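A quick write-up on the structure given underneath.
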Amino acid sequence: MKKIKNKHDLAINGAPPAFEQSLHVGKPNIGSREKFLQHVNAIFDRKWFSNHGPEVQAFEKRLSQHLDVKHCIAMCNGTVALEIAIRALGLTGEVIVPSYTFVATAHALQWQEITPVFADIDPKTHTLDPESVRSLITPKTTGIIGVHLWGRPCDVASLQQLADEYGLQLMFDAAHAFSCSHQGEMIANFGRCEVFSFHATKFFNTFEGGMIATNDDELAQQIRLMQNFGFAGNDNVIYPGTNGKMNELSAAMGLTGLDSLDSFLSTNKQNYLNYKKGIEQISGLSIIEYDEAEQNNFQYIVVETEDAFPIKRDRLVDILQAENILARKYFWPGCHKMEPYRSLYPHAGLLLPETRRVAERVIVLPTGTAIDKKSINFIVELLAKLSEVSFAENINLAS
Ligand SMILES: *Cc1c(COP(=O)(O)O)cnc(C)c1O
């Protein structure tokens, strides 16, 4: 790996990039290929590819055990799972969500002509600020969707209290929070239901996939009907439904991944600790904290650039990208700045000062089983170099 001693060694100034192959955020964590292929052979022998087959049944059972929750309903992806959960809870009118999240949280409402109302976040946790939520409740509000961003839990108790006080439904987008806990209890058990994504970029993946977890028998039954066209048995449709089913190959990937979960976790944790050790020393940068008393998946290396850092966030991302370190500006610029919300609610940002501030400062760095310690050390050293004003000065950026 090349040494960067001065600004002329930076790829953005024409030097070769530090990494020949790019380091991505969200490269998949992959379990045993051999085991997966054994499952594939069994699927081919059975010729049972979908419709709640044996792989999906086994997968759902193991998910329930792992998360200590009564019902886990495997889904084709997290977005359809959100749409179905929203519908099963009977949400209409207005639903309060954070703007600082992946856009699917808002789209799952808009897609069904429900208005997402964007609340601000707590800058310390990056999750919903309950006081902001309270200020946005109107007679049309029917629910709140909290997002456990970066796998760190929302202020569940305060949100539940608000929901109870105003007679609102509370559910969670737990797309980032597989295998994480809150006050000793696994995320999956909070609100009326919690929705997970098993997309390839997440901590744990099934290629594409998702899941709804709930302890409510009636709600689980409703969700199963909706996920399968409303079929309550052969030829008996009792409900308007859609197709949200998980296929057998995805479930097989999930079963294989569950066997390797401990190794994904220890790799992610070690990567995080390596990053943390270095980044803590750099003035002007701060790295995400995970509560040591809880279970975390350490999937997101979230770094905030403070005012003291000599390079603006967007420039920093450009410099890293030139070295083939493909850092991301998650979740810039916030849902309220994306269509159709930007046009529908042009002034939404006025109520979202913390969302704006955080979205302008965050970069997410590569981690997972696809990155090694040497690469992390290089990234940290580069960031340290860039933090030295004299070094960073006059970096030749055509910006
Ligand atoms: C990934 C993600 C989703 C969507 O999940 P898919 O499985 O990709 O459809 C929803 N919400 C959040 C916060 C996400 O990160």
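The values are calculated or read from the model by the stated rules, or taken from the named source; none is laboratory data. Since the structure is predicted, the reported quantities are computational estimates derived from the model, not experimental observations. Glycine gets a Cβ as well: all are built from the backbone with ideal geometry, and neighbour counts include every protein chain shown. Heavy atoms of the whole protein, side chains included, go into the accessibility calculation; ligands, DNA and RNA do not. Shrake-Rupley method; radii C 1.70, N 1.55, O 1.52, S 1.80 Å.
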**Asked** How large is the dipole of the chain about the Cα centre if only Lys and Arg carry +1 and Asp and Glu carry -1, each at its Cβ, rounded to the nearest 20 debye?
**Response** 1100
**Request:** Starting from the range 233-338, pick out the trypsin sites (Lys or Arg not before Pro) whose DSSP state is loop and whose Cβ has at most 15 other Cβ atoms within 10 Å.
**Result:** 312
**Prompt:** Relative to the longest principal axis of the chain, what angle (0 to 90°, nearest 10) does the C-alpha long axis of helix 313-322 take?
**Reply:** 80
**Prompt:** Can you give the angle from 0 to 90° between the axis of helix 156-166 and the longest principal axis of the chain, with both taken from C-alpha atoms, to the nearest 10?
**Reply:** 50
**Complete:** For residue 327, the residues 5 or more places away or on another chain with a placed amide H closer than 5 Å to its own amide H are 321
**Asked** Rg and Dmax of the range 221-306 over Cα atoms: what are they, in angstrom?
**Response** 21.4, 65
**Prompt:** Net charge near residue 231, counting Lys/Arg +1 and Asp/Glu -1 over other residues with Cβ under 13 Å of its Cβ?
**Reply:** +1
**Item:** Positive-end residue, the range 261-394 charge dipole about Cα centroid, Cβ charges, pick of 368, 321, 310
**Value:** 321
**Request:** Quote the convex hull volume per residue of the range 172-274, based on C-alpha atoms, as a whole number of Å³.
**Result:** 120
**Prompt:** Long-range amide H contacts for residue 147: which residues qualify at under 5 Å (H placed 1.01 Å from N, peptide plane, sequence gap of 5 or more or a different chain)?
**Reply:** 128, 173
**Item:** Farthest positive-ward along the range 261-394 dipole, Cα basis, beta-carbon charges - from 285, 345, 271
**Value:** 345
**Asked** How would you order 222-232, 344-354 from highest to lowest mean count of nearby Cβ atoms within 10 Å?
**Response** 222-232, 344-354
**Fill in**
Taking max minus min of the Cα coordinates of the range 33-259 on each principal axis, largest first, gives extents in Å of 57, 40, 26
**Request:** Please pull out the direction-averaged projected area of the range 261-394, using the convex hull of its alpha-carbon atoms, in nm² to one decimal place.
**Result:** 10.1
**Complete:** Quick calc, the range 167-280, dipole around Cα centre from Cβ unit charges on Lys, Arg (+) and Asp, Glu (-), nearest 20 debye, gives 380
**Asked** Leaving out ligands, DNA and RNA, what percent of the accessible area of the chain is carbon and sulfur, probe 1.4 Å?
**Response** 49
**Request:** Net charge near residue 192: determine it from the other residues with C-beta under 11 Å of the C-beta of residue 192, scoring Lys and Arg +1 and Asp and Glu -1.
**Result:** -3
**Complete:** In the range 33-259, lysine pairs 8 or more places apart or on different chains with C-alpha atoms under 20 Å apart total 7
**Asked** Taking the Cβ of residue 152 as the center, what net charge do the other residues with Cβ under 11 Å away carry, scoring Lys and Arg +1 and Asp and Glu -1?
**Response** -4
**Prompt:** In whole Hz, what ³J(HN,Hα) sequence does the range 42-53 give by Karplus (6.51, -1.76, 1.60; θ = phi - 60°), x for Gly and Pro?
**Reply:** 5, 5, 5, 4, 6, 6, 10, 9, 8, 6, 6, x
**Asked** Computed from the mean reciprocal separation of all distinct C-alpha pairs, what Kirkwood hydrodynamic radius does the range 119-179 have, in Å?
**Response** 11.7
**Message:** Before I look further, what does the chain give for accessible area per residue, probe 1.4 Å, in whole square angstrom?
**Reply:** 45
**Asked** So what's the projected area for the chain, the Cα convex hull averaged over all directions, in nm²?
**Response** 20.6
**Fill in**
With +1 at each Lys and Arg Cβ and -1 at each Asp and Glu Cβ, the charge dipole magnitude of the range 33-259 around its Cα centre, to the nearest 20 debye, comes out at 540
**Fill in**
Longest principal axis of the chain (C-alpha) makes with the long axis of helix 373-387 (C-alpha) an angle, in degrees to the nearest 10, of 60
